[in-house]
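S.K.: Below are the structure tokens for one structure; questions will follow.
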Amino acid sequence: MLDLASLSIFLQVAEAGSITRAAQQLGRVQSNVTTRIQQLEESLGVPLFVREARRMVLTPEGLRLQRYAGQLLSLAEEAEQNLRADAPSGRLRLGSMESTAAVRLPQPLAQFHRSHPDVQLVLSTAPSRQLVEQLLDHALDAALVAWPAPDLGEPLPLTLEPLYEEPLRLLLPAGSTERDAPSTLAAFTDGCTYRRIGEDWMQKTRGAPPAQVLQLHSYYAILASVAAGSAVAVAPQAVLDLQRDPLPITTLPLAPCTTMFITRSGYRTPAVQQLLSVLKSHRSPDAR
């Protein structure tokens, strides 16, 4: 039988790439971590790591176990939370789009922390498709995504809860029109729903996909690229509302996009249910 404690140690070594660093992070002596990895390899009958000079590299078998280990530990944590008292506790891994984290989450997450101090909420950001994939791989417990996320097969074992109706704006350099705007799109990485909306707009309006995509990592960089006359972009109106001064850009309305609160089908813990309740209570009328 696979031991959950050993699987947890295995995942820490895989992430750290080093027995020494993993032992420090886990608060264990190095020899104990080494022994647990050796015992796990012996019980499975396969090598899990290739031991190089200063790094532990996963073997093909180790890579397969890494995915199963994450799922098993996630299920064990879910079971523990559901079998405890109704008071939320334990770890809650929430994924979010960059824009939603900046605009929608600070106030409700602060309230959630005050009301449920026993919950360790871990927030991470990524484009919508990657968030869905992380959720299905049990790397997240819940996520906020712009729906539908691009390039996903259907049907997916997900529970969807509409949370926000985000008004979207097409961003053009000041003085530009739809016809003479740059053929470059400024956007996040592939997998971003708003990027796909921008690509679709260019295909429909210009008859061709973007000549180039400036793949950026923040809305500050995206807005700066549009203001500089280098690109067009798509962004939620709420992101523009955060700007202190009027932006030297032209904006045009696009169809709104729904932000969904998603979990795996059947996944219900007190922490996730309470978080969803807090998020709903903080919705502004224009976001519903």
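S.K.: Given the conditions (1) part of a strand (DSSP E or B); (2) more than 20 Å from Asp151 (Cα to Cα), report the number of the one that Ala221 does not fulfil.
M.R.: Every listed condition holds for Ala221 apart from (1).
S.K.: Condition check: modelled with pLDDT under 95 and in contact with a His (Cβ under 8 Å, 6 or more places away or on another chain). Does Gln243 satisfy that? Please lay out each step first, then the result.
M.R.: Numbers: modelled with pLDDT under 95: yes; in contact with a His (Cβ under 8 Å, 6 or more places away or on another chain): no.
Judged against the criteria, Gln243 is not a match.
S.K.: What residue, of Pro209, Pro270, Pro248, Pro253, is under 30 Å from Leu140 (Cα atoms) and open to solvent by 20 Å² or more (accessible area, probe 1.4 Å)?
M.R.: Pro270
S.K.: Just to be sure I understand, how many residues within the range 116-173 are of a type outside the set (A, V, I, L, M), open to solvent by less than 20 Å² (accessible area, probe 1.4 Å) and touching a residue at least 60 places away in the same chain (Cβ under 8 Å)? Talk me through it step by step, then tell me what you get.
M.R.: Within the range 116-173, the subset of a type outside the set (A, V, I, L, M) is 116-118, 120, 124-125, 127-130, 133-134, 137-138, 141, 147-148, 150-151, 153-155, 157, 159, 161-162, 164-167, 169, 173.
With open to solvent by less than 20 Å² (accessible area, probe 1.4 Å) added as a condition, the list becomes 128, 141, 150, 164, 166, 173.
So of that shortlist, the ones also touching a residue at least 60 places away in the same chain (Cβ under 8 Å) come out as 128, 141, 164, 166, 173.
Matching residues across the range 116-173 total 5.
S.K.: Tell me which of these Gln81 doesn't satisfy, since it passes every other one: (1) modelled with pLDDT under 90; (2) buried (at least 16 other Cβ atoms within 10 Å of the Cβ); (3) not in a helix (DSSP H, G or I).
M.R.: In the conditions (1) modelled with pLDDT under 90; (2) buried (at least 16 other Cβ atoms within 10 Å of the Cβ); (3) not in a helix (DSSP H, G or I), Gln81 misses (3) alone.
S.K.: Only one of Leu252, Leu275 is under 30 Å from Glu77 (Cβ atoms) and not polar (S, T, N, Q); which?
M.R.: Values: Leu252 fails: under 30 Å from Glu77 (Cβ atoms).
Exactly one of Leu252, Leu275 is under 30 Å from Glu77 (Cβ atoms) and not polar (S, T, N, Q), namely Leu275.
S.K.: Let me ask something additional. Search the range 151-207 for residues being β-branched (Val, Ile, Thr) and in contact with a strand residue (DSSP E or B) (Cβ under 9 Å, 6 or more places away or on another chain), and hand back the single one that is nearest to Leu223 (Cα to Cα). Let's see the steps before the verdict.
M.R.: Our first condition is that a residue be β-branched (Val, Ile, Thr); within the range 151-207, this holds for 159, 177, 184, 189, 193, 197, 205.
The next check asks that each one be in contact with a strand residue (DSSP E or B) (Cβ under 9 Å, 6 or more places away or on another chain); those that pass are 159, 177, 184, 189, 193, 197.
Details: Thr159: 33, Thr177: 17, Thr184: 13, Thr189: 16, Thr193: 17, Ile197: 17 Å.
So, considering only residues that are β-branched (Val, Ile, Thr) and in contact with a strand residue (DSSP E or B) (Cβ under 9 Å, 6 or more places away or on another chain), the one nearest to Leu223 (Cα to Cα) is Thr184.
S.K.: Could you give every pair whose Cβ atoms fall below 9 Å, whose first residue belongs to the range 208-228 and is closer than 16 Å to Thr189 by Cα and in contact (Cβ under 8 Å) with a residue 60 or more places away in the chain, and whose second residue is among the small types (Gly, Ala, Ser) and open to solvent by less than 40 Å² (accessible area, probe 1.4 Å), counting only separations of at least 6 or pairs across chains?
M.R.: Note: pairs meeting the criteria are Tyr219/Ser99; Tyr219/Ala233; Tyr219/Ala235.
S.K.: Can you name every residue in the range 1-45 that is aliphatic (A, V, I, L, M), open to solvent by 90 Å² or more (accessible area, probe 1.4 Å) and more than 22 Å from Glu61 (Cα to Cα)? Outline the logic, then answer.
M.R.: Taking the range 1-45 first, the residues aliphatic (A, V, I, L, M) are 1-2, 4-5, 7, 9, 11, 13-14, 16, 19, 22-23, 26, 29, 33, 37, 40, 44.
Subset that is open to solvent by 90 Å² or more (accessible area, probe 1.4 Å): 1, 29.
Correct list: Val29 only.
The values are calculated or read from the model by the stated rules, or taken from the named source; none is laboratory data. Bear in mind that the values here come from a model prediction, so they are computed numbers and not experimental data. Ideal geometry is used to build each Cβ from the backbone, glycine not excepted, and the neighbour counts take in all protein chains shown. We work out accessible area using only protein heavy atoms, side chains counted, and drop any ligands, DNA or RNA first. Shrake-Rupley method; radii C 1.70, N 1.55, O 1.52, S 1.80 Å.
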